[in-house]
Structure formats: C-alpha cells, structure tokens
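Taking it in order: structure first as structure tokens, then the write-up.
Taken together, the values in this text are just the output of simple stated rules run on the coordinates, not laboratory data. Here the structure is a predicted model, which is why all the values come from computation and not from measurement. Here the Cβ positions follow ideal geometry from the backbone for every residue, glycine too, while neighbour counts run over all protein chains shown.
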Number of protein chains: 2
Amino acid sequence: MDNPYIERVEALRGMMRRRGWDAVILTGSDPHASEYLAPRWKQVEWLSGFTGEAGDLVITADHAGLWTDTRYFIQAVAQLRGTGIELHKMRVPEQVPIPEWLAEHFARKDGVVVAVDGLCQSVDAVQALESAFAAAGRSDDPESDYFYRIVDVPDLPDLLWAGRPAIPHTPVTLMPPEVAGETRRKRLEWLRRAVAEQLCDAVLVCALDEIAWLLNVRGSDIDYNPMVISYLLVREDRIDWFVRKDPFGDSDDPETLDTFAALEDEGIRVLPYDDVQLALNDGLSEGGGINRLFTDPSSLNWSLYSLLSGSGRLCLGDSPVQLRKAVKNPVEIEGMRRAHRQDGVAMELFLYWLERMVLGDKIITERTAATRLGALRAACPDYLGDSFETISAYGPGAALPHYVTPVKDAPELEARGLYLCDSGGQYTCGTTDITRTVPLGPCTALEREDYTLVLKGHIDLAMATFPEGTAGCQIDALARNPLWRVKRNFGHGTGHGVGFRLGVHEGPQDIRQNFNRQPLLPGMITSDEPGIYREGLHGVRHENLLLCVEAGRNDFGRWLAFEPLTLCHFETSVLVRELLTQDEIEWLNAYHERVYRTLGPELPADAARWLREKTAAI
Amino acid sequence: MDNPYIERVEALRGMMRRRGWDAVILTGSDPHASEYLAPRWKQVEWLSGFTGEAGDLVITADHAGLWTDTRYFIQAVAQLRGTGIELHKMRVPEQVPIPEWLAEHFARKDGVVVAVDGLCQSVDAVQALESAFAAAGRSDDPESDYFYRIVDVPDLPDLLWAGRPAIPHTPVTLMPPEVAGETRRKRLEWLRRAVAEQLCDAVLVCALDEIAWLLNVRGSDIDYNPMVISYLLVREDRIDWFVRKDPFGDSDDPETLDTFAALEDEGIRVLPYDDVQLALNDGLSEGGGINRLFTDPSSLNWSLYSLLSGSGRLCLGDSPVQLRKAVKNPVEIEGMRRAHRQDGVAMELFLYWLERMVLGDKIITERTAATRLGALRAACPDYLGDSFETISAYGPGAALPHYVTPVKDAPELEARGLYLCDSGGQYTCGTTDITRTVPLGPCTALEREDYTLVLKGHIDLAMATFPEGTAGCQIDALARNPLWRVKRNFGHGTGHGVGFRLGVHEGPQDIRQNFNRQPLLPGMITSDEPGIYREGLHGVRHENLLLCVEAGRNDFGRWLAFEPLTLCHFETSVLVRELLTQDEIEWLNAYHERVYRTLGPELPADAARWLREKTAAI
C-alpha cells in the first residue's frame, strides 16, 4: 500500500467514522469560485492525484469517486489508477451528478450526514444536494427517521492535510490609472451607484478578478492569474478590503506595503482576510449600518451565504462588475494592442526558430519548444509572465484539446505533420492568448484539409458583421459551418472572453453552442479558436483574439464587427487553396499584410525577410 | 360622428360608468390562445377597425389605445385614423406594455377596477397585470385605500356587440389513420402515459391544433386553420370532447354527425362545449375522480385557470403534444411530399402564366394574380383550401413583410422590377407554404443584388449539416450571414414550424435570432425564408419548407441535414452569378434538376418545356 492516495482516503475515512459523517465532498474550488486554484485549494489533487482543472471528490465508507467532465476522462483514468478512486463521468448523457448519486447511494440508510468544506462549496451545489435529498423523501429535520444533514466544516482539509499550503501572500502592486484607463475611485463610485439602483447600500465582492479590476491592484496569488486572494466590502460610508492574515504585519515586501498604504490614503481600509465574517456579521446586525447587502451568488461560498442569508438583508443578483469589466476602455484597448505587438514578435521569432531547427535536423521536444517560446516572450519589454500553461503538442498530443506538455521525456518533434502551440502572456499592458498550428514537413491530405477547414471557420467568424444585440451563441455556427459541411466538428467552445491583465477566461460573453443571451458589445475581447481533434493522429486549432468594434449604422440598424488583436501569420504552405473562397483569401492576405507591416520593423533583418515570405499574398 | 368605432367606444364607456369599471381590456385572442381568430373573437376589429393579427385594446374614461408590434404600425396608423384610438408601440425599446401603462395611468387614483373577458385573456397577461399593480404599491384587498380589482366578465363583448357571431359550427371530418399515420387510440394512450409520468391522472387540452392532432379530426372553424373549436379532457377512465352548443342536436350535417358517432363508438364522449367548466368542477371536486390535472398554461384562458387553480389539483407544464406533433411520422412525411408535388405544379403553372401575361402586355393586378394562383391550386386533386391569405405584392408593396393585397383597386403589375408571392395550400395530405420573388422585366442593380443575397442565405441554410442537439437559433445566422456581410438584414424570423394539414405556424421549434432551446429533430418541418425589405422600393423573400433528416453518424457524432419539400424553381435570370459560391451554384442546379424531374411529367408540354429552360443549370 505505497500509493499515498489510498492512505489519505483511509485516513479521511477514519475521521469520518469518528465524527459520524457518512460522506465527505471535496471540490476543485476555492472560497472565491476561482477557475484556477492556489496550491492551498488543490485538495482534490492532494487526496486523489488528479490534476485536471475540474473535478470533485466524494468519499463514503465504501466508495471513493471523482466527478469530472469529458475534457479530463483520459487523464483521470491514468491518474486515478491504483488509488481505488472511481471515475464518474459528467457532460455525458448517462451522467449521475453528485447530489443524485448520494441520494441513491444512501437510499436504504436512515439518516445521512454529509460533510463539506463550505468555503469551497457553491451555494448552487449545496442547494442541489438539498433538493436531491428532498426529492428522495428525506427530511432536513434531524428528528426525522429519514433525515439528511449537511455539515459545513470550513477548511475541512486542514484536519488531515499536514503541510497544507497557507493562503498565498505574493506581492501586491498598484495598476496606475494611465494603464487601467480609469481610477479606482471612479470604478467604486460607479459600483455604489449600480447597487443603489438595486436598492442596496452595500455590496460584497468575492470574485478575485472583479476585486482586482475595481481596486486597480494586481498580485500573483494564483499561477497565471494576477489576482489577490481577498474580499471587498463596499458600503456607503466606507470600503473594506479583507486581504492577508495581517496586512501590515505579515509582509516585508515594500511594494505591497506601499500598495496598502496608497489604498488607505484613499480611504480604503485594508483589513485581515479572516475579518470578513465578523465585519459582515456586525454590519448586518441591528444598527450595524447595512440595510441591504448585494452580492453575486455565483462567486459566494456556502459558508458566507449561510452567515448572510439569516440576516434577511441579502439581495442576490448578477454582479454588474462582470459586464463593465468585459467592455474594455480605450486605454485598455490600446494596451492590449501594444501587448499583442510584443507577443507577435515573440511568436514570429519562435516560429522562425522552430522552422530553422526542424530544417536543420536539430532535436527538439515539445518541452524545449515551449521553453524557447517562454524565453522569447520573457524578452518582451512589458512581459510579466504567461497567462496560462503553454500547450506545446506534436502530432497525436495535439489531438487532446487540453494536452499537458510533459516536463520530462516530452515527445520529440519530427519533420512531418502538424505541431500545435497554444500559449499566452501577461504584460503590464494586457493579456494575450494565441494558438498556431504549423506543419513541420510533409503533411497528409487529411492534415491539410483539416488545417484549411479550421482556418476557414476561423476566418468566417473573424470576417463576420452582425447587428447590435447579437449574442455569441447566435454566430458560433459561422466558425463551425465549414467543418459541419463535411461532418466534422470540435467539442469545445469557439471563443471565451479575455481579461485586461487579468484572467485569460472571463465572462459574461462567449461564442459557443449555448444559449448565453449576453450580446457582444463594442470593446469586448473574445477568442476565435475553432479546432479539430483526431485521436492518435493530429489536432488543429487556430486562435486569434478579436476585439468587437463598431461597424457603422444604416437603414438596417447598427452594425458590429471584429478586429483581430493577435498578430502572427498563419502558415499558408499547407493550405488547400481550392477550399477557400475569394473572400477568405482576401481576408487572409489583408491580415498577413497587417502582420508584416506591424511586426516586420520590430524583427531582426533575417526574421523580417522570412516573415515577408510567410505573409506573401496567396 | 359617423365613425362607427367612436360610437362603439362611447357605448362601452357608458357601460363602464354604469358598472364602475375604470378600464376594459379586449385582446386579439380567443379562449384557446389561437394565433388566428374565428369572427366571433374579432372583438378588437369590431371596436377599433384594426385588422392586424396581433393587437390588444385598453379603454378608460379618457383614453382608448391599441397595443401592437412593429409588423403592424403602418397598418394601425391608417386603420385607427378618425377613431380616437391611439397606437401604443410594442417590440420597440421605449415600449410601455399594458400592465405598466395601466399602473401609471391610474397612479393617482385610489381604487382601480379593470374588467377583462377572462376567456380571451392568458394567465400570463393577468399575472403581469397583478404584478404591475403590486409593484405600484396597490393591494388586491378591496378594503384597502389603494386597491386594484380585476373583474372577469366571460364573453364581455356580448354586452355591447349586437349581432356578434356565434361559435362557428363548420363540418367536422375524420382524418383516417392511413392519412394521419397513427390512430387516435394510439395518440391518446401515449398522452395518458406522458401525463402519468408527471404523476397526473387527467389532462385538459385547450390548444385547437393539439386537439385536432390527438383526435384525428379536422374542421374549418377558423379561416385557413382546419381546426374545431373545442376542449378535450382525457382522464384515466374516459375521454370527453367538449364541442358545439349541442353536438348531436344543432347539426344537420351528416358528415359531422358521422364523425361524432364514430368517436362515440370508440368511447370518446362528445359533449357540449359549454359543459367543460361543469365537468372540470365535478372532476376536481372531492371524489370527482381527478387527483392531478395536467394542462399547459400557454393555451389555458384565465377564466378556466381561475376555476381550476382553486382546486389545488392543478399541474402546469409544457404540453407534450406540441413536440410529438412537430416530429412528423413517415406517413405524414409522404403526404407532405405529395402535397408539395401538387402545390409545385400549381406554382409553376402560375409563374408560367404570369410570365406570358406580362410579356403579352396584359393588365394584371396583384389581386388578379392571387386569384389565378388560387384557381390553379384549387385544380389540384387533394386541394382543400389555402393555408393562409395569399400575399401577392408588386414593387413597394412587397417591402411590407405582412402586406395585405387589396381586394379592390389592387396595384397593377408592371413589366419591370420584382413581384413577390407568399402563399400556401391545405391538402388532404398536408400543408404547404412557399414564397417566390420573380422579375417581371428589367431589374435595378440593387434588386438583383438583394435577390441574389437573399437566395444565398436561403441556400446556405438549406445546405447546412449540423450535429444532433443543434437548435434553430444556433443556425439562423447561416441564412443571414450573406446579407450581414454587406450590412443588410431582415426583421422577421428565418423559419417557423409547419403543421400536417394543420396550422401553417406551429412550435416548438423555429429558426430565428432567439434563445429557443428546442433542438431540430429528424421529421420536423420548418420554413427557410430569409428576405429583405426596402421601403418604397422592393421586397425579396425566398421560402421553401425544409424537412429535417438524418445525415449519418461518424467519429464526430450524429448528423442532421435538410431536404427541401417545396418544389418550384427560383428565377435564375436575375441572379448576380459572381455573388454565388460554387457550392451554392451546385445546390441550386441539383435542386432545379429535381424540380424539373418531379414536376415536368405533370405539366402540359408547353409548360414543361418552359420549366426545362427555367431549371437549366447555371
């Protein structure tokens, strides 16, 4: 029994027996419903070894299961081997979600006690659990014969996880208004007005990207995500930021102390992270000063919800910050353009290097290629770090949309077929996310066809003009239609929103086959990344970030269109030209001309000559 | 004061004063929430002269208003002239719906009494009214100082409308199972199982098309809509059909009596229409036998809802009949194909005649053309009647998507520009709906471009292949994209569902820029009718009905596609060929070949030769 996960699960079961818990749920989430997690909240990985970005664990006396979706089935099977933990598949027709599974699993048991870490549980998830037990005829009255009880154990992993990492305390910096395009004072005043319209006199912000945007601060508490673990409480007469154990005491980093001091100078109180509960309790009590507190349930954890909901002063709704943050201001747009010029230079130097290495029969692995790209990005003047972990994938590896490039023994690139690289950078002035798929030598007819059809889809979406009010789900088909016509498709969304020096994934808009009603608005930045994945063969994805822009008004109404922010050529040698329409060819030639005109002057002479050839009109 | 509508409104106001009503609402609806109305329920037209298909009236002591949407603004302005009734615009950003308008209008009045005909009021509309009054601080307690009361006066128009038409009693016929593809016994048993799954032991069906489909009966109580005004109550031990004043007593039509007798033979009790309330009251009372009654609130009127909701035995939900009815069975599909062959012959003979008349300098009006087409359809062996009022529109008339061709003094066709004809037939074996736009001589560059771009959109949607699970709103953009690319658009949906010898509009699927989640399923029939409308100039619309069909399964999943049911050529002489892609040209040539092969043999020799030319490959 040298598998550490077996031991950990057994230790948890021992504790469950002692405390009378029938089941424990551990989620792949943190107290702020973040998409990516600081090490402290990687409890799923700690207990199971599973490292996918979405997965929840349920442990009972006789079962241990991991619930995850289609993206991670292959990875989960490999990582769970030998742990005794079973995979439960989600986003498949026969899926049985955790609440229904638990209700069924304990169907013949009288009382059921489920323990959760309420800090890492969404309100929705707990309510779904309550509904499933109620639908199975269980009562929440502990006196009942057939009861259920959900026990909130904040920081439950602490009970077992020796050496569990602390809440991260990375340096916190100010983003000056000349970079953000707007002062925090203006943003906070706008937020106060927005919640006042909801008849609220206070708002609790839990989503880390919203806090970073509102306060114009950045940190690096979560890999790739320049955010600061904290809560923000904005009231009519004061603003409290709950951050760190002891904000002025536990840091010897002068920049962080300067940041905190600057905020205090502006009247924002910088308080210990753990004080948020007390402050809310006080504020919501009789005479505490808060009459109605607005908060967004999608980023509120269950522990806080339980605390707040009893007050009768809670007003739940979609955070207004999300939409306003998604519509970039002119300074942010200019910053994004600047970041993309630097990112384009790094990408072109990378592709130039890659081509020379392959032509020169040099041995390169997926990992050395990723490292080289990282080094080229790091040389950019405004570079701060990557915006997510680079996917550097050759051949069959690229057939996994969420491939993780191995650190050791990564596959070598060969002088044939397709290589896919999906990467991005955080710059002081913006965030990038780009995918290029390039031929490393001769390609099969299927590779060339797939490459061309995916590019057609990419271009057709990028070329789109559409009436104001159109939502992403209503134009997603433009990117898929060239593939659909020959019965090919891809299983992920076509586009996600992108933050400004913030998360590389942000809402509220997206472009995918869903029913998201959020219209695309001028100033929004969304990726355009159709793909195709053939298990064991190859994968293709072409991704630019698109800025939604005004395209005029006429008798038929007001029009919107896209402007690509990403600057990097698409390899034309591998295209099946006959599959492209004249419009598509013209778009590609014009885009390539722009890439060359913008990046050429920034490149060394040999690379510029090479790029001139790569961007020649077809 | 010779305007009859002024007198009618004044008479209504007199009655309102006598009864203490502050407002009366009259809706453009009937007790079954039908889209089209029998004359008895044209109370809006009777009181205001407005004949549009959507419009509600509100009368107060000092205001009379008609609420209608964008489609009918021009018509409403013309028809309301001199009546003193004001137009209130809906589906515009600044719209004020009736509930909000009433709450505001009476803001400074203590108590407000609103009278409605609950038979013609939807449950939603009354609840919206209640919400608006509540939001304005009003109480439904009549003892309150600031109260509101909604008075249900079933058949309210009877109080004033001398000579109001009776409930129609048109002949009722049986649709044999060899035409319907399924017996009523099977459909009714399926319905019983479907509601049993909802833990209900009875279901009240109010939607007329659902009743006609379930019972395999047809009538002609509503123009163009072969339905029978009735209610259907399906219980575990009996089936009651409430139809006519005295079903076996008030008819001397032998076919109707035979129909009723046949149903009774199968155990379906044929009862008087007005008995439905009593039967529901009895059934829902203690020991009445109904434990839980299922019904769809979208077709339930407020009078019935008020009766049922007090019982505590009501279960509201989407009717399962809608979806099953929309998925046509193989016999229905074969019938639809047969109907479309006959309809295609009539259409081609019409277009052949039209061309000869115009070339021969004959004087034709929009009305004589419509009459000619009607006569050609009437000559089809299975023809029963039209499926809606033919839109026969030349030049600027066609720029109104819902143009009504004048009966007298209709515009003459000229030997230039575009003529649009949107029409359809009811056949014993199916329902058709087709629009063709044809040049009558030289066309402007703009006419040719618009004609071509709309046809591109039509073809792009018709050519689509898409994965199972795709909803209409997710592919609507395929039909719009060719227009969007040059910043043109149309303000109506791209496609509506079509019934089988039933309503020419039916749900639950559609293809439009909405968020309707209903996936398109094999067997569904939906129109494909993009258009473009230029005020004062011309209008273009190209419409076929498309059958959704299976298109195979592969590594990427299960695929669906469309097969056009409509058979009639598109005029190619006016196309701007360079605007079409090779794919589009191939689709058009293949479609035309099919049109000629199918219809050619059915046409007289001269017309067949003409069609051969019209369908020549381009």
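Run through all the Cα pairs of the range A:302-418 and give the fraction in each 5 Å bin from 0, expressed as whole percent.
Pairs per bin, as whole percents: 2, 9, 13, 15, 13, 10, 8, 8, 8, 6, 4, 2, 1, 0, 0.
Given R₀ = 56 Å, what would the calculated FRET efficiency be for A:GLU286 paired with B:ALA262, taking r from the Cβ atoms and rounding to 0.05?
That gives a FRET efficiency of 0.15.
Report, as an integer, the average count of C-beta atoms from other chains found within 10 Å of each Cβ along B:462-471.
Details: counts 0, 3, 4, 8, 8, 6, 0, 1, 4, 3.
Average neighbour count from other chains, rounded to a whole number: 4.
Packing-wise, with mean Cβ within 10 Å as the measure, how do A:39-51, B:370-382 rank, highest first?
Values: A:39-51: 21.2, B:370-382: 17.3.
Ranked from most to least packed, the peptides come out as A:39-51, B:370-382.
Over all distinct Cα pairs, what is the inverse of the mean 1/r for the range B:279-326, reported as the Kirkwood hydrodynamic radius in Å? The partial results should precede the final answer.
Values: mean 1/r = 0.0870 Å⁻¹.
Across the range B:279-326, the inverse of the average 1/r is 11.5 Å.
Calculate the mean, over all residues of peptide B:508-516, of how many other protein chain Cβ atoms lie within 10 angstrom of the residue's Cβ. Please list the in-between numbers first.
Numbers: counts 0, 0, 0, 0, 1, 7, 3, 7, 1.
Taking all residues of B:508-516 together, the mean is 2.
Could you work out the pair-distance distribution P(r) of the range A:208-349 from its alpha-carbon pairs, with 5 angstrom bin width and percents rounded to whole numbers?
The distribution over the range A:208-349 is 2, 8, 15, 19, 18, 15, 11, 6, 4, 2, 1, 0, 0, given as percents.
Given 0.36 nm per residue, what is the gain on full extension from B:GLN198 to B:ASP250 after removing their alpha carbon distance, in nm? Don't skip to the end; give the middle numbers.
Working: separation 52, 0.36 × 52 = 18.72 nm, distance 3.77 nm.
Here the answer is 14.9 nm.
Between the DSSP loop rule and a limit of at most 11 other Cβ atoms within 10 Å, which trypsin sites (Lys or Arg not before Pro) in the range A:291-332 are left? Walk me through the numbers before you get to the answer.
Details: sites: A:ARG292, A:ARG313, A:ARG324, A:LYS325, A:LYS328; in loops: A:ARG292, A:ARG313, A:LYS328.
Loop-located and lightly packed - none at all.
By average Cβ neighbour count within 10 Å, what is the ranking of B:474-487, B:581-594 from highest down? Before the final figure, lay out the partial values.
On the way: B:474-487: 23.1, B:581-594: 15.8.
Highest mean packing first, the order is B:474-487, B:581-594.
Roughly how many whole Å is it from the C-alpha centroid of the range A:471-527 to that of the range B:179-230?
41
Using only atoms on other chains, find how many Cβ atoms lie within 10 Å of each Cβ of peptide A:475-488 and report the average.
Numbers: counts 8, 3, 10, 5, 0, 5, 9, 0, 2, 12, 7, 3, 13, 5.
Neighbouring Cβ atoms belonging to other protein chains average 6 per residue here.
Identify the residue of chain B whose Cβ lies closest to the rotation axis that maps chain B onto chain A, and give that distance in whole Å.
Spelled out, residue of B and its Cβ distance from the axis onto A: B:PHE515, 2.
Let me make sure I get this right: for the range A:99-206, a, b and c are the square roots of the gyration tensor eigenvalues over alpha carbons, sorted descending. Under 1.5 in a/c it's rounded, otherwise prolate if a/b > b/c, else oblate. Which is it? Please list the in-between numbers first.
Values: a/c = 3.91, a/b = 1.89, b/c = 2.07.
Since a/c reaches 1.5 but b/c is at least a/b, the shape of the range A:99-206 is classed as oblate.
What is the P(r) of chain A, as percent of Cα-Cα pairs per 20 Å bin from 0?
18, 49, 30, 3, 0
In nm to one decimal, list the spacings between the B:ARG81 label point and its equivalents in the other copies, with label points set 7 Å along Cα to Cβ, shortest first.
8.3
Shortest first and in nm to one decimal, what separations exist between A:ASN554 and its copies in the other chains, measuring from label points 7 Å along the Cα-to-beta-carbon line?
3.7
What spacing in nm lies between the two simple spin-label points modelled at B:ARG609 and B:ASP275, each 7 Å away from Cα in the Cβ direction?
6.5
In terms of the Cα gyration tensor, with a ≥ b ≥ c the square roots of its eigenvalues, is the range B:370-411 rounded because a/c is under 1.5, prolate because a/b exceeds b/c, or oblate? Display every interim value, and only then the final one.
Values: a/c = 2.82, a/b = 2.10, b/c = 1.34.
Prolate, because a/c is 1.5 or more and a/b exceeds b/c.
Quick one: what Rg and Dmax do you get for the range A:1-67 from the alpha carbons, in Å?
12.2, 36
Can you list which of the GluC sites (Glu not before Pro) found in the range B:218-322 are DSSP loop residues with at most 16 other C-beta atoms within 10 Å? List each step's numbers first, then the result.
Values: sites: B:GLU236, B:GLU255, B:GLU264, B:GLU266, B:GLU286; in loops: B:GLU236, B:GLU266, B:GLU286.
The qualifying sites are B:GLU236, B:GLU266, B:GLU286.
If only Cα atoms are counted, what is the Rg of the range B:84-124, and what is its Dmax, in Å?
Considering the range B:84-124 through its Cα atoms, Rg and Dmax are 12.5, 31 Å.
What's the exposure ranking of A:GLU7, A:GLU389, A:GLU178, going from fewest to most Cβ atoms within 10 Å?
Numbers: A:GLU7 11, A:GLU389 15, A:GLU178 8.
Least to most surrounded, the residues fall as A:GLU178, A:GLU7, A:GLU389.
With a ≥ b ≥ c taken as the square roots of the eigenvalues of the C-alpha gyration tensor of the range B:250-290, please select rounded if a/c is under 1.5 and otherwise prolate if a/b is larger than b/c or oblate if it is not? Working shown, then result.
Numbers: a/c = 6.48, a/b = 2.14, b/c = 3.03.
Judged from the Cα gyration tensor, the range B:250-290 comes out oblate (a/c at least 1.5, b/c at or above a/b).
How many lysine pairs are close in chain B, with Cα atoms under 23 Å apart and the two 8 or more places apart or on different chains?
9
Kindly provide the helix-only [θ] at 222 nm of chain B, computed as the sum of -39,500 (n - 2.57) over DSSP H runs of four or more divided by all residues, to the nearest 500 deg cm²/dmol? It would help to have the intermediate numbers written out before the result.
Values: 18 runs with 211 residues, N = 618.
Rounded to the nearest 500, the figure is -10500 deg cm²/dmol.
Once you have the Cα-Cα distance between B:VAL549 and B:LEU537, take 0.36 nm times their residue separation minus that, and quote the gain in nm to one decimal. Before the final figure, lay out the partial values.
Numbers: separation 12, 0.36 × 12 = 4.32 nm, distance 3.80 nm.
Stretched out fully, the B:VAL549 to B:LEU537 stretch lengthens by 0.5 nm.
Could you state the principal axis extents of the C-alpha atoms in the protein assembly as shown, from the largest down, to the nearest angstrom?
96, 75, 60
How high is the FRET efficiency from A:ALA78 to A:ALA590, r the C-beta distance, R0 30 Å, rounded to 0.05?
0.10
Can you tell me the mean projection area, over all orientations, of the convex hull of the range A:43-141's alpha carbons? Units nm², please. Walk me through the numbers on the way to the answer.
Numbers: hull surface 27.6 nm².
Averaged projected area of the range A:43-141's Cα convex hull equals 6.9 nm².
Based on Cα positions only, what radius of gyration and what Dmax would you give for the range A:474-526, in angstroms?
Cα only, the range A:474-526: 12.4, 39 Å (Rg, Dmax).
Express in nm, to one decimal, how much length is gained between B:ARG416 and B:ASP69 on full extension, taking 0.36 nm for each residue of separation and deducting their alpha carbon distance.
Taking 0.36 nm per residue and subtracting the Cα distance, the gain is 121.7 nm.
If you build the convex hull over the alpha carbons only and average its shadow over all orientations, what do you get for the range A:365-481? Give it in nm² to one decimal. Working shown, then result.
Working: hull surface 36.6 nm².
Dividing the Cα hull surface by four gives the mean projection, 9.1 nm².
Could you order the peptides B:353-359, A:200-206, B:19-25 from most to least packed, using the average number of other C-beta atoms within 10 Å per residue?
Working: B:353-359: 16.6, A:200-206: 24.1, B:19-25: 20.0.
The most tightly packed comes first, giving A:200-206, B:19-25, B:353-359.
Shortest first and in nm to one decimal, what separations exist between B:PRO381 and its copies in the other chains, measuring from label points 7 Å along the Cα-to-beta-carbon line?
8.3
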